[in-house]
Amino acid sequence: MRRGARVIGLGGLAALLVLWGPALLRSGTEPARAGRRAFRVEASATAFRPAVLELQPGDSVAIELVATDVVHGLLIEGYGLSVTAEPGRPGRLAFVADRPGSFRLRCSVTCGPLHPFVVGRLDVGPIWLLWRGVTLALVVAFLGLWVVRR
Amino acid sequence: MRSVELTRVGPVKWLVSSRWPQLVVTALLLGGLLLAIVAGLAGTPVGNRNFAIVGVWIAWWAALMLIAVPLFGRAWCGVCPVGAVGDWLQRGAILEPSGSRFGLGLHWPRALRNLWLQNGAFAALALVSVVILTHPRVTGWLLLALPVAAVVTSLVFERRTFCRYLCPVGGFIGLYSQLAPVELRVKDRRICAGHRNKTCYTGSPAGAGCPWLVYPGALDRNSYCGLCMECVRTCPYDNVAVNRRWFGADVAASRAVHLDEAFKAFLMLGSAIAYSAVLLGPWGGLKAAAHAVGSGAWFAYAAAFLAFAVGVVPGAFFVAAWISRAVGAPLLSVRQTFLRYTPVVVPLGLTAWIAFSLSFVFANFAYVWPVLSDPMGRGWNLIGTVDTAWSPYLATITPGLQVGVLLVGLAWATGAALRVAKTAVPDGATTAQAIPIVAFCLLATVGLMGLLVG
């Protein structure tokens, strides 16, 4: 019984280390360097391309939104910023990525049937919410097993 | 937590015994359904300006998945307008307990008295759901087809056969109603056993026999009770109660389910994961394929969707059950182990659907206000809200909420798995047996987190 509890506990600890270790090491040895980043984002009836923009906290960002078919918009949730573009007339957006995390990009101008699902992602630094969620999920599972074991 | 009889409270008793409140709500919802049909078929083709899309797939869906099903189980079925018209026709009455009966009243074929048709209907709709969700005309035709099918069925078959065996929405509401903190049960089974006439099932001048083809005296879970409250009205001994109980009491009872019920659970969980990837993921090609119904890309998408929802997901769970049996309970067959553990995925599935819904419901709820003023998209401004600008609601907290909801589902499922393991294995192998099942739940949870907030 005790051995089993130990195995479960060690398993949980190992999982935590695997999940958090690399991130902690990286944050300790490689401080994120803010810089200038420029993206050309093409918006179509189904998606943004590229759909995922990866940044470091503090980056100065310039986004050029290009509408490939009809009028499109790009709204960055969490930042409250948006820009629109018409075919042949790109829209431009400049900002400083001062809020870390993962933020959804959405088309803000009705562009067709799939408009509500024209989405993308702006990742500023590591997606800590995801890793914390995964860690907590492991904790929940191991805790459940541990409680029963006892 | 012991259940508490809500119908002891006077106003609650009146609410469920009187036909008026139910009729008023159903009539209002019928009006909404008719408006959605008209808007869908004759309104603007722009989805986020049409009541058929915004009213049904954003407002109604939000109310159903975030409030009605988790908190009130099948309460929606009790007031659903889709089956109501057929019910009224069949009974020859709207408010009165019963009138002259109308229709052939045939029994539903015994071979079809299961969830397979509902599973098939849901899967068929799931494959074309991207078109349904985005095209008002398609939604309009679907909303028209459902009550027509319900009426036709009610004229041929007895009672609410459509709701019980055919409605694609009723199947998953029934599945997740097992988790709701509300139930309808008899107070004392001995009274039912001694009651010769069984008016709750056969009917009486006070009301119809159970429209859902359920004998209330044997009810032990919510899945098939439509909460129409007829049995409350027809029981001469006042022996039927609506109770408040702990969340998930039906799942906690740790009983094995039938194969059709198991596949319903896996189809729903698999669909929630697939929708999270298709609709909320960044993959435009996937959305385009799902939208191009009839094309080669769509057939490939449909095959992949089905393979995942009814192949990969239950297959992975079957492997987990096989390992679980190998380490803990060789007395049960693999199939029995699989079916015994299947209720574990019910809380996982509900929370997956809630987490998925949070994302697009909050993001798109702002479309409701303009549509209330202009349901057809004709340039009206009935209540002065047509110019309300779109902006996502709760954008900063939604990802955290989704993670929290998924964690609750995992904790719930883990608890359920351990409970099943405890009852299935008399010796000390409980934890070992539960590990593969918990690992499956963990994998599904982490996968969903990756899709929704990653």
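See the values below:
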{"read-out": "Residue match in the range B:386-403 (condition: crowded, with 19+ Cβ neighbours inside 10 Å and in contact with a Cys (Cβ under 7 Å, 6 or more places away or on another chain))", "value": "no"}
{"read-out": "The range B:198-217 - residue that is without any contact (Cβ under 8 Å) to a residue 24 or more places away in the chain and farther than 16 Å from residue B:97 by Cα and, of those, surrounded by the most Cβ atoms within 10 Å (Cβ to Cβ)", "value": "B:214"}
{"read-out": "Strands (runs of 3 or more DSSP E) (entirely within the range A:90-145) containing at least 1 residues that are within 8 Å of chain B (Cβ to nearest Cβ)", "value": "A:101-106, A:119-124"}
{"read-out": "Search result, residues across the range B:291-317 that are within 30 Å of residue B:344 (Cα to Cα) and either in contact (Cβ under 8 Å) with a residue 24 or more places away in the chain or within 14 Å of chain A (Cβ to nearest Cβ) (or both)", "value": "B:301, B:302, B:305, B:306, B:308, B:309, B:310, B:312, B:313, B:314, B:316, B:317"}
{"read-out": "Whichever residue in the range B:433-447 is more than 8 Å from chain A (Cβ to nearest Cβ) and more than 12 Å from residue B:313 (Cβ to Cβ) and, among such residues, is surrounded by the fewest Cβ atoms within 10 Å (Cβ to Cβ)", "value": "B:436"}
{"read-out": "Residue within the range B:139-155 that is under 24 Å from residue B:309 (Cα atoms), β-branched (Val, Ile, Thr) and either outside any helix (DSSP H, G or I) or modelled with pLDDT of 95 or more (or both) present", "value": "yes"}
{"read-out": "Within the range B:351-454, helices (runs of 4 or more DSSP H) holding 1 or more residues that are in contact with a strand residue (DSSP E or B) (Cβ under 9 Å, 6 or more places away or on another chain) and touching a residue at least 12 places away in the same chain (Cβ under 8 Å)", "value": "B:398-424, B:430-453"}
{"read-out": "Conditions (1) loosely packed, with under 15 Cβ neighbours inside 10 Å; (2) at pLDDT below 95; number of the one not met by residue B:94", "value": "(1)"}
{"read-out": "Failed criterion for residue A:75 (all others in (1) within 9 Å of another protein chain (Cβ to nearest Cβ); (2) in a strand (DSSP E or B); (3) touching a residue at least 40 places away in the same chain (Cβ under 8 Å) hold)", "value": "(3)"}
{"read-out": "Within the range B:45-107, helices (runs of 4 or more DSSP H) holding 3 or more residues that are at positive phi", "value": "none"}
{"read-out": "Cβ pairs under 9 Å, 6+ apart, first in the range B:26-48 and over 18 Å from residue B:63 (Cα atoms) and surrounded by fewer than 17 Cβ atoms within 10 Å (Cβ to Cβ), second of a type in the set (D, E, K, R) and modelled with pLDDT of 95 or more", "value": "B:41/B:137; B:45/B:137"}
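The values are calculated or read from the model by the stated rules, or taken from the named source; none is laboratory data. This structure is a prediction, so every number in the text was calculated from the model and none was measured. Reconstructed Cβ throughout: ideal geometry from the backbone, glycine too, with neighbour counts over all protein chains shown.
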